[in-house]
Amino acid sequence: MVSFEEARRLVEQHAAGVCPGEMETVDLLAGLGRVLAEGILADRDFPPFDRATRDGYAVRAADLAKVPARLEVVGEVKAGDWPEPGVCSVGRGQAVGIMTGAPLPAGADAVVMVEHTSLGDAPAGKLVVEVRRSVIRGENFVPRGAEARTGQLLLDRGRRVDHAGIAIAASAGKSRVQVFRKPRVAVLSTGDEVVEIDATPGPAQIRNSNSYSLAAQVQNAGGEAVRLGIAPDERGRLRALIEEAWIGEGLQCDLLLLTGGVSMGKYDLVEQVFGELKAEFYFTGAEIRPGRPVVFGSCGAGALAHADGEVAANTRTGVSAPHKKYFFGLPGNPVSTMVTFELFARPMIEALAGMTPQRLIFLGARLKSEIRTKAGLKRFLPAVLSGEFENAEVELARWQGSGDIATLARANCYVVIPPDRERIEAREWVSLLMRCG
Ligand code: AMP
Ligand code: MG
């Protein structure tokens, strides 16, 4: 049994050593949520010209040292126009009308907002603008290349593409992007009482919700879930299914997630079967609740050779060699399964997907009503973060323990309580872990 922090450190340490799969090129929008296998470089300066950020007049700041000032309007540039130097430039005492997004004409060194100007009386054939405010050099435009220079890295390899990443790739002319193949994550539920979701459960049976919630979490973390069904609480069958997950024809999974069968019960056989398979365990239990019995380990595929001597093939290289694969034994209680996935399995999936490691970030909020609990374990209690504007507050969801998915579905975060606290007063500042997806 290790502390939460030590368990997380162990997962991060092992995750840092895994390799992502091969690469593929996909259409830009299909790259949403995928992990970049290439850096996105600026194909030109960003912005590609001195870009006005206000509607108004391109001016020389020195001409507006004293205001009000009168400037002769000698031209206009709208977005998309190119002000040819010599044809459209700003000389002393002159201004050029300019729109947001248009290039600054030669000679100008600032833009004065149209709100601070009015068109003045002028001799026939001339246009004069009266400016009421001074500007400083550089005001109201972004100089060419200020955001990025040609060839500069805009988005790193290993970044998961979100809508901002899509914008960057689009701006750099990338209609297709290179991403890593999604890791394949086998999901195996265990338990004699568990039946498939389209079956009619007997009086003591429950439907296999974990395989589905886990598959959803796997997808959300950037993996591809392969549901392997339900293993009974029987050693031989459990072992056969685990072996199939590793070396089964065509399965080629990169990680195995099991649920159930990791507690202290007589029929909790997962640890025992992995022991038979010569697994290496990094932790068997973490000081958390829910999720205390969580198990993390690895198995060399060599140890899983079939009776006929066949050895697993390395799914990444195709080389037939003993190859270490990680597994998590997650507790079967549905909320425990979900929490332990987020805390421990997610970083491993992200690493297998090629993502640069992410730290687990807790947010803070004020507690609405007092919490009393038992000390000794770090708690992740389903809670509802609510409030208006800047006045967020959080309250525990009234739940019936770690089997209560109905309450969890109403919650949107977990309040995190350190192991040394038994009582937390209303209005205290507490840590939160937001629920992903
Ligand atoms: P276990 O970790 O095997 O002791 O299971 C703990 C609790 O979770 C029991 O009440 C199980 O019935 C329930 N459970 C186990 N597996 C699943 C599953 N796949 N879907 C939903 N509930 C499950
Ligand atoms: Mg069980």
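Please report, in debye to the nearest 20, how large the charge dipole of the chain is about its Cα centre when each Lys and Arg carries +1 at its beta carbon and each Asp and Glu carries -1 there. Working shown, then result.
Working: 51 positive and 54 negative charges, 168 e Å.
Here the size comes out at about 800 debye.
For Cα pairs less than 8 Å apart in space and 6+ apart in sequence, what is the mean separation divided by the residue count of the chain, i.e. the relative contact order in percent?
Numbers: 1041 pairs, mean separation 69.7, N = 437.
With pairs under 8 Å counted, the relative contact order is 16 percent.
Could you list Trp399, Trp82 in order of exposure, starting from the residue whose Cβ has the fewest other Cβ atoms within 10 Å? Display every interim value, and only then the final one.
Details: Trp399 19, Trp82 12.
Fewest-to-most Cβ neighbours within 10 Å comes out as Trp82, Trp399.
Using the Kirkwood formula on the Cα atoms of segment 198-265, what hydrodynamic radius do you get, in angstrom to one decimal? Please report the intermediate quantities before stating the final value.
Numbers: mean 1/r = 0.0735 Å⁻¹.
The Cα-based Kirkwood calculation yields 13.6 Å.
For segment 79-229, build the charge dipole from Cβ charges (+1 Lys, Arg; -1 Asp, Glu) around the Cα centre, then report which of Val131, Thr150, Gly222 sits farthest towards its positive end.
Thr150
If you take every DSSP beta bridge whose two residues both sit in the chain, what share of them, in percent to the nearest 5, is antiparallel?
Antiparallel bridges: around 70 percent, rounded to the nearest 5.
May I ask you to derive the relative contact order of segment 76-206, considering only C-alpha pairs under 8 Å and at least 6 residues apart, and to give it as an integer percent?
Numbers: 115 pairs, mean separation 17.9, N = 131.
Normalised by residue count, the contact order of segment 76-206 is 14 percent.
Based on alpha-carbon centroids, what's the gap between segment 224-247 and segment 26-99 in Å, whole number please?
If we compute the Cα centre of each part, the gap is 61 Å.
For segment 216-285, what is the charge dipole size about the Cα centre, in debye to the nearest 20, if Lys and Arg each add +1 at the Cβ and Asp and Glu each add -1 at the Cβ?
Dipole of segment 216-285, to the nearest 20 debye: 160 debye.
Which percent of Cα-Cα pairs in segment 134-271 sits in each 10 Å bin, short to long?
Pair shares across the bins are 10, 27, 22, 14, 12, 8, 5, 2, 0.
Quick one: angle between helix 235-247 and the longest Cα principal axis of the chain, in degrees between 0 and 90, rounded to 10, please.
40
With respect to the cross-link table entries Lys325/Lys374; Lys78/Lys126; Lys324/Lys374; Lys174/Lys325, which display a Cα-Cα separation exceeding 28 Å?
Result: Lys325/Lys374; Lys324/Lys374; Lys174/Lys325 exceed 28 Å.
Kindly put Ser431, Ser175, Ser118, Ser402 in sequence by how many other C-beta atoms sit within 10 Å of each C-beta, fewest to most.
Values: Ser431 16, Ser175 9, Ser118 12, Ser402 22.
Listed from fewest to most nearby Cβ atoms, that is Ser175, Ser118, Ser431, Ser402.
What would the Debye formula give as log10 I(q)/I(0) at q = 0.11, 0.14 Å⁻¹ for the alpha-carbon point model of the chain, no solvent?
The Cα Debye sum returns log10 ratios of -0.89, -1.20.
Would you mind working out the magnitude of the charge dipole of segment 356-437 relative to its Cα centre, with +1 at each Lys and Arg C-beta and -1 at each Asp and Glu C-beta, to the nearest 20 Debye?
Working: 13 positive and 10 negative charges, 57 e Å.
So the dipole magnitude of segment 356-437 works out to roughly 280 debye.
Divide by every residue of the chain the summed helix terms, -39500 (n - 2.57) for each DSSP H run of at least 4, and state the resulting mean residue ellipticity at 222 nm, rounded to the nearest 500 deg cm²/dmol.
Values: 8 runs with 73 residues, N = 437.
Value at 222 nm, helices only, nearest 500: -4500 deg cm²/dmol.
Evaluate Rg over Rh across segment 1-134, taking Cα atoms for both radii and Kirkwood's formula for Rh.
Values: Rg = 26.2 Å, Rh = 19.0 Å.
Ratio of gyration radius to Kirkwood radius for segment 1-134: 1.38.
We did not get these values from a lab; they are worked out from the coordinates using the rules stated. Nothing here was measured: the structure is a model prediction, and the numbers come from that model. Please note: Cβ atoms are built from the backbone with ideal geometry, for glycine as well, and neighbour counts cover all protein chains shown.
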